[in-house]
1. Please give the helices (runs of 4 or more DSSP H) falling wholly within region B:15-98 in which 2 or more residues are small (Gly, Ala, Ser), more than 21 Å from residue B:236 (Cβ to Cβ) and within 14 Å of chain A (Cβ to nearest Cβ).
2. Take the residues in region A:38-50 that are surrounded by 22 or more Cβ atoms within 10 Å (Cβ to Cβ) and in a helix (DSSP H, G or I); name whichever of them is farthest from the other protein chains (Cβ to nearest Cβ).
3. Residue B:142 - would you say it is closer than 30 Å to residue B:260 by Cβ and either away from ligand 1 (no atom under 16 Å from the Cβ) or surrounded by 14 or more Cβ atoms within 10 Å (Cβ to Cβ) (or both)?
4. Applying the selection to region B:248-265, what residues are open to solvent by 10 Å² or more (accessible area, probe 1.4 Å) and under 19 Å from residue B:190 (Cβ atoms)?
5. Report yes if residue B:294 is under 18 Å from residue B:6 (Cα atoms) and more than 14 Å from every other protein chain (Cβ to nearest Cβ), otherwise no.
6. Name every residue in region B:190-206 that is in contact (Cβ under 8 Å) with a residue 60 or more places away in the chain and open to solvent by 10 Å² or more (accessible area, probe 1.4 Å), in order of residue number.
7. Sort out for me the helices (runs of 4 or more DSSP H) sitting completely within region B:285-348 that have 1 or more residues that are out of contact with any His (no Cβ under 8 Å at 6 or more places or on another chain), within 16 Å of ligand 2 (Cβ to nearest atom) and at pLDDT 95 or above.
8. Could you check region B:173-206 and list, in sequence order, the residues that are in contact with a His (Cβ under 9 Å, 6 or more places away or on another chain) and part of a loop (DSSP other than H, G, I, E, B)?
Amino acid sequence: MTFSDFMFGVFPYMCIIIAIVATTWRYVTDKFSYSSLSSQFLENRQLFWGSITWHYGILGVLTAHLVGFFIPKSILWWNMEPVRLYILETTGFVLGLMALVGIILLIIRRFSSSRLKVVTSNMDKILYTVLFIQVLTGVLTAIFYRWGSSWYSGFAVPYLWSIVELRPDVALVDNLPLTVQIHILNAFFLLFLLPFTRLVHMLSVPIKYIWRPHQVVRWNSRKKILGPF
Amino acid sequence: MEVRAQVSMTFHLDKCIGCHTCSVACKNIWTDRKGTEYMWWNNVETKPGTGYPSKWEDQDVYKGGWEPKGKSIGLKVTDKFRGLANIFHQPHLPTIDDYYEPWTYKYSDLFDSPAGDDQPTARPVSLITGENMDINAGPNWDDDLSGSEIYAKNDPNFAALSDSEKEALFEIERLVFFYLPRICNHCLNPGCVASCPSGALYKRGEDGIVLLDQNVCRSWRFCVSACPYKKSYYNWSTGKSEKCILCYPRLETGQPPACFHSCVGRIRYLGVVLYDAEMIEQVASAPENELVDLQKEMILDPHDPEVIAQAEKDGVHFSVIESAQKSPVYKFLKEWGLALPLHPEFRTLPMLFYIPPLLPVLGHVEKGNYNVDVENYFGSLDKARLPMKYLAKMFSAGDETKVREVLEKLLAVRMFKRAEQVDDIDKAEVDKMLEKTGLTPEMCEEIYRLTALPTYEDRFVIPPMHREYVADALMGDPYSFKAEAGIGGFKDRPERGL
Ligand code: HEM
Ligand code: SF4
Ligand code: SF4
């Protein structure tokens, strides 16, 4: 087994398995620790710029990756017209840039206030580093290897599916540029980090809020209790 | 009609001496942990004053509570879609600086400083960062500062007054203040519960206590904004919100909450009331001038056979119904009409009711003597140092007649007892007052007893909480110690997540 066989054929499985097992474990044994650990209460102004740009950027980019992953044909079909390709590429690039600016602002914010230092764990520092590398390599790829939306669907997506289908096809990514390779490996590493950091907060998107009634009442047991009256 | 039970409260403001024993009792039990130092689940404010957090009553800034939307109401701070869009940065969240930065003193300096000519001092250090800090705000920072240009003058309730009326209040002869102890109101239409995207907050069906499940809280922090009374707090260390739990572990063992138990002025009353849960939305969406009356109307008569029958059908234990029949809250609120909700216009239907204070009257200095000139006994209400408008802004959404009604009754009881015990006033005058206020001599006597001479058992009529029905399901290790078990996290240590 070559080094790249290991990195692209085995490492992803290690990350995925650990992510699934550990996330479940953490959820079952320690629900208390599931939290976005908001620090807005200690610092409000810088968070506005950082958190908003970061989240809208990263969620947009993430959605694009997922759409490409699940329906790659849709991207290839969309890109048939050059104009539409430009629109998609520009949108993607802007979102990526937002994420990059956002994460930089968040990192600066973390270390510019002594109050925030108190609530910044070592895991936070690792997470910021890994997220920064991820977004940076993503943006660099967009700059130097143009029309990524098309070749993502052509090369990366088939590779990702080969992982899902348990027949990893390392040849698909073996010859991609180093930046792209780092981007892919770092993504798996992020998956590995998920259960060990505050990233778990993205799994608890409270979408149920939209249809749940406003008021919540919990009963111990509710039954008719007939008394002496 | 759907009958539910609610553990409800009354605070008699004339009796509060502003000693803060309640606040300290609560703090020592519940909020002496890291991340909670700044929280005062019970706090006592000086009115007029800005309160805690600063100017909390100004909902243009804090966006707490509900506002009319169409035929119904909606939360001010968020709605279901805005809530999700604003989740990454919540535009109206108060920050620690709206409360105050908690601190301690470096006492070790008193011992460890090298010998010298000066006394060593213990410098204040932040309980958040551990760094030296200057203290410029703190708990009860405006305590007793009723004439203050910085604090009292910025009281949001003065919005109802004209500038000249406001100016007049700061004349030295008019200076006046009273205390306003506050805890979570355990509302019937709580903003905190409605705003939580995760559904972490809930009202207990059996007794109406509003709790926050910390295992479900994900730090979206909307409850902090949506509670107009600012009684849901964010623990910056654990990343979870926390709030007053009405000492439910004490209630479940038949003891009143710590702030009630320790109250030096004995101003606090606790008892269960029955209410009609089907009316909640209708009452909360009513026009402002009907809010107080409708909220009273939804509280049901626990002696009414129809109510009792329905209560039993709806699962209210008969022992709780019995308890509701003896509730001092029911007496003050419904039988005597002496209690009013704080800021009903926030529309959360608070279940803590206040008996407003009889204020000292205005006087003038003549030949070195301080004189008050009141022609008739009710007349003194017009000469009260704080205008009725101010009290009305706090306790009846601006309707002065409601506050006046209560104060007239309080005066009538005083005069009735004075005529009886000191015998220096005209009995006919007293009879006129009773007639006007609708009180009977028996009622006056009862009000007097429950106000001035109540025993522990009179003040706290705690319904049986019937934990035997759920004990097995919920019981963790009953012998676990502080900080080994979380509030609401029965098995887990309350530690900050990774
Ligand atoms: C899926 C929906 C998501 C929601 C609702 C959400 C919500 C939040 C919230 C409320 C905070 C706390 C902000 C504060 O301090 O007040 C936060 C912080 C954070 N989120 Fe998200 N998030 C989501 C997705 C993501 C994703 C996909 C990532 C990264 C891949 C991410 C990374 C972070 C990071 C790194 C922070 C820390 C920011 C800081 O305090 O410096 N989030 N998120
Ligand atoms: S006072 Fe605030 S925290 Fe308490 S129940 Fe009402 S809305 Fe919720
Ligand atoms: S303990 Fe009682 S008298 Fe003292 S401040 Fe609190 S409510 Fe008022």
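1. B:80-85
2. The selected residue is A:50.
3. yes
4. B:248
5. Against the criterion (under 18 Å from residue B:6 (Cα atoms) and more than 14 Å from every other protein chain (Cβ to nearest Cβ)), residue B:294 qualifies.
6. Once the filter is applied, which keeps residues that are in contact (Cβ under 8 Å) with a residue 60 or more places away in the chain and open to solvent by 10 Å² or more (accessible area, probe 1.4 Å), region B:190-206 yields only B:206.
7. B:291-297
8. B:189, B:206
The values are calculated or read from the model by the stated rules, or taken from the named source; none is laboratory data. All values reported here derive from a predicted model rather than from experimental measurement. All Cβ positions, glycine included, derive from the backbone under ideal geometry; neighbour counts span all protein chains shown. Quick note on the areas: whole protein, heavy atoms, side chains included, nothing else; ligands and nucleic acids left out. Shrake-Rupley method; radii C 1.70, N 1.55, O 1.52, S 1.80 Å.
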